[in-house]
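Contents: one structure, followed by commentary.
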Amino acid sequence: MAAMAIMLIVAVMCVVLASMLGTTARGSLDYWRSTQSFALAQAGLNWYMEQLVNTADWDIATDQFGVSLDPGTFDVVLSNKAAPQTDSSTVTRMDIAVTGKMTGSDGQTVQRTMSQRAWKLPSASKFALYWGRDAANLSFSNVTIDGDFWSIGSTSIPSSSTVTGGSAYRPNTENISGSGSYTEVNAGAFPYFSDFSGSTATHSTPQFNAAYYTALTSDYDTREAACVTGVDINQNTSLVLNGNTVCCRDFNTNGNITISGNGYIIANRDLLLHSANGDSGTLTFSPSGGKIVLISGRDILINSNQADTPVIMNPGVRMYSKSDSSTSGEITIRNDTTDIDGALILAARRIIVQDSANIINSTLFLNDPGNATNNNLTITNSGTTVGTITSPCNIISIGRGTPTLAITTTASAAGLLYQRDSNNLGRTNISGQNNANRVNITGSVIANGFQGNSISNANIIYDPAAIPDPPVEGFVGFATKDPDSWSGN
C-alpha cells in the first residue's frame, strides 16, 4: 500500500510537471512570436517609409495586406490623409499603421502594431536654420539659434551669438569659427537627411515644385485678361457673391461692409480695400460655399496708413496680384487693425506685410517673374506678425530679388520659411533693428542665400508645432519623420 501511495504521488507530480513544462514552452513560444511580430512591424514601417521617400504622388498610396517578409507577414493601413489646399488632392500628410504577424504550427497568430505620421517635407525642415547654397562665408551678429543649424559653407559665430538646443553642422570641407556658444559637428552625413531616388545634392537647398501655384496663377491671369472694363466700382454697401464675377477697373471699398458668399472680384488695375486714410467703417470678408478670390492687374492695398479701419478676412479668401507692369504690382497688407486668417496670398512681383498687420493659418507665395526688379516678399515693422506657433503660416519665395525674402526690424514669423530661386540669384534678409529689438522666427527657415552673407539681431527657434500640418505642397519625393517617434503595441 505504501508503494502504491508513492507511485500515485509520483504520477500526480509528473502530470503537474508536464503541464508546467507545456505552459512554459507555450509562453516562450508566444514571447518569441511576439518579438518576431514586433520586428516585422518595424521592418514593414521602415519599408513603407522608403516607398514614400521615392513616391512623388501620395494620393495613390493604398493599404497593403499580407506583405510577405520571412518568417511572417505585415499589413499596412493608411489613415488621416490630408492635403494643404481644399481644392487640391495632393496628399502631404498621412498616418501609417503597420501590423506584423506571426502564425505558428499550432494555428495561433501573434501580432504587433506600430504607427507613424509621415509628412511630405524635406529633411532640411528638421533644422531651425538651414543654409544650402555654397557661396561666401556666413556671419552671425547677435543671433540666437535654438535647434540644429546646417551651414553648407563656413560660418562665423562670434561671442554675441549662440547655437543652443542643437548642433552646428557643416561639411567636411568647411569650418565654423568664433567664440560664440555652439556644438560643432563635422558632418559628411548626419541625422534627418533623406536619400531619395534621383537625389544629387543631399546637402544643398531642396527644390520647391511650384506647379500647383503657377497653374493657379495662370488661371487667374486668364480671368483677369478676359475681365476688361473701364468702369470703377466704389463699394460702400455689403456685397453677396453667388459664384459670379465682378469686373471693374478699380475696386474701392469704404464704410461698414461685409463681402460674403463665393466668387471673383477682378480689377484690371487696383483693389483698394479701405486703403485711403479717410476711409471709415469695418470691412469683413466672410466666404461661404467656396472661395472669395480677389485678382488685380496691378496692386492690392489692404488698409490705410492710419490704423482706424478694421479689415477682417475670415478663412477662404484668396488674393493675387498679376503685375501687368514688368516692374510694379504688389500686395500690401498693413496696420494693426488688419486680421487675416486662412488666406492664400499670391503675387507675381511683390508681397509686403507691415505696420503691425496680423496674418495666421495662411500661405504666402511669391513667384519668380524672371528678373529681380521689385521682386520680394517682405515682413517688416514692429508688431507685424505672420503666423503663430498655434496658427503657423507657409512663407514661400522663389523670386530673384535682393532680398527675395525679408524679415526685418522687429517683425515676427512662425511656420515654414523657404527661399530659393532656380538661378541662385535670390537672397534672404534676416535682420532685426538692434540687439534689444530682434526679429523672432519660430518653426524652420530654409534659405538658399543671405543678403550680405550675414544674419543679424535675430532669434530663430525650431519648433515642429510651428510647421503647418498638413505641410505646404511642392516638396516632391521627400518623406520625413522624427527618429524613434513611432508608437507601438
*So what's the back-of-envelope 222 nm ellipticity for the chain, counting only DSSP H runs of four-plus at -39500 (n - 2.57) apiece and dividing by all residues, rounded to 500?*
-5000 deg cm²/dmol
*Determine the shape class of segment 219-264: with a ≥ b ≥ c the square roots of the Cα gyration tensor eigenvalues, call it rounded for a/c under 1.5, and otherwise prolate if a/b is greater than b/c, oblate otherwise.*
oblate
*asked:* Could you give each residue of segment 319-332 its phi-based ³J(HN,Hα) in whole Hz, using Karplus coefficients 6.51, -1.76, 1.60 with θ = phi - 60°, and x for Gly or Pro?
replied: 9, 8, 9, 6, 6, 4, 6, 6, 10, 9, x, 7, 10, 10
*Put +1 on the Cβ of each Lys and Arg and -1 on the Cβ of each Asp and Glu in segment 79-148; which of LEU129, ILE96, PRO84 then has its Cα farthest toward the positive end of the dipole?*
ILE96
*Ordered by packing density, taken as the mean number of other Cβ atoms within 10 Å over each peptide's residues, highest first, how do 243-251, 427-435, 145-153 rank?*
145-153, 427-435, 243-251
*Residue-wise, which Karplus ³J(HN,Hα) couplings in Hz belong to segment 63-72, taking 6.51 cos²θ - 1.76 cosθ + 1.60, θ = phi - 60°, and x for glycine or proline?*
5, 9, 10, x, 5, 7, 8, 3, x, x
*Mind checking the angle between helix 211-226 and the chain's longest principal axis? C-alpha axes, 0 to 90 degrees, to the nearest 10.*
30 degrees
_Degrees separating the helix 2-53 axis from the principal Cα axis of the chain, which is the longest one_ = 20 degrees
*What is the magnitude of the charge dipole of the chain about its Cα centre, with +1 placed on the Cβ of each Lys and Arg, -1 on the Cβ of each Asp and Glu, and no other charges, expressed in debye to the nearest 20?*
280 debye
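For ARG349, ARG269, which order do you get if you count the other beta carbons within 10 Å of each Cβ and list the fewest first? Walk me through the intermediate numbers first.
Working: ARG349 27, ARG269 16.
So the ranking, lowest neighbour count to highest, is ARG269, ARG349.
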*For segment 427-438, take each phi angle, set θ = phi - 60°, evaluate the Karplus expression 6.51 cos²θ - 1.76 cosθ + 1.60, and give the result in whole Hz per residue in order, putting x for glycine and proline.*
9, 9, 10, 10, 8, x, 5, 6, 4, 7, 10, 9
*Could you give the semi-axes, largest first, of the ellipsoid that matches the chain, computed as the square roots of 5 times the alpha carbon gyration tensor eigenvalues and rounded to whole Å?*
54, 29, 20
*So what is the relative contact order for the chain, in percent, with contacts set as C-alpha pairs under 8 Å and at least six apart?*
14 percent
*Give me the percent of DSSP beta bridges within the chain that run antiparallel, rounded to the nearest 5.*
20 percent
*Packing-based exposure ordering (other Cβ within 10 Å, fewest first) of ILE407, ILE176*: ILE176, ILE407
*Tell me, ASP87, ASP279 in order of fewest to most beta-carbon neighbours within 10 Å?*
ASP87, ASP279
*Could you tell me which of LEU271, VAL143, ALA41 has its Cα farthest along the dipole of the chain towards the positive end, charges placed at Cβ (Lys, Arg +1; Asp, Glu -1), taken about the Cα centre?*
ALA41
*asked:* Can you report the principal axis dimensions of segment 376-446 using only the alpha carbons, biggest first, rounded to whole angstrom?
replied: 34, 27, 15
*Would you mind checking which residues have amide H under 5 Å from ASN335's amide H? H placed 1.01 Å from N; only 5 or more apart, or other chain.*
GLN354, ASP355, SER356, ALA357
_Within straight-line cross-link reach of LYS81, lysines at Cα separation under 28 Å, skipping those fewer than 8 residues along the same chain_ = LYS101, LYS120, LYS126, LYS291, LYS481
*Would you pull out the residues with amide H under 5 Å of THR284's amide H, same chain only if 5 or more places away, H placed 1.01 Å from N?*
ILE257, THR258, ILE259, ILE312
*Considering amide H positions built from the backbone, and no H for Pro or chain starts, which residues 5 or more places from VAL143, or on another chain, come under 5 Å of its amide H?*
SER161, THR162, ASN457, ALA458
*asked:* What aspartates and glutamates does LYS322 reach when the alpha-carbon gap must be under 17 Å and sequence neighbours fewer than 8 apart in one chain are set aside?
replied: ASP219, ASP221, GLU224, ASP250, ASP270, ASP299, GLU330, ASP368
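A short reminder: the numbers here are calculations on the coordinates, not readings from a lab. Note that the structure is predicted; figures quoted are calculated from it, not measured. We place every Cβ from the backbone using ideal geometry, glycine too, and count neighbours over all the protein chains shown.
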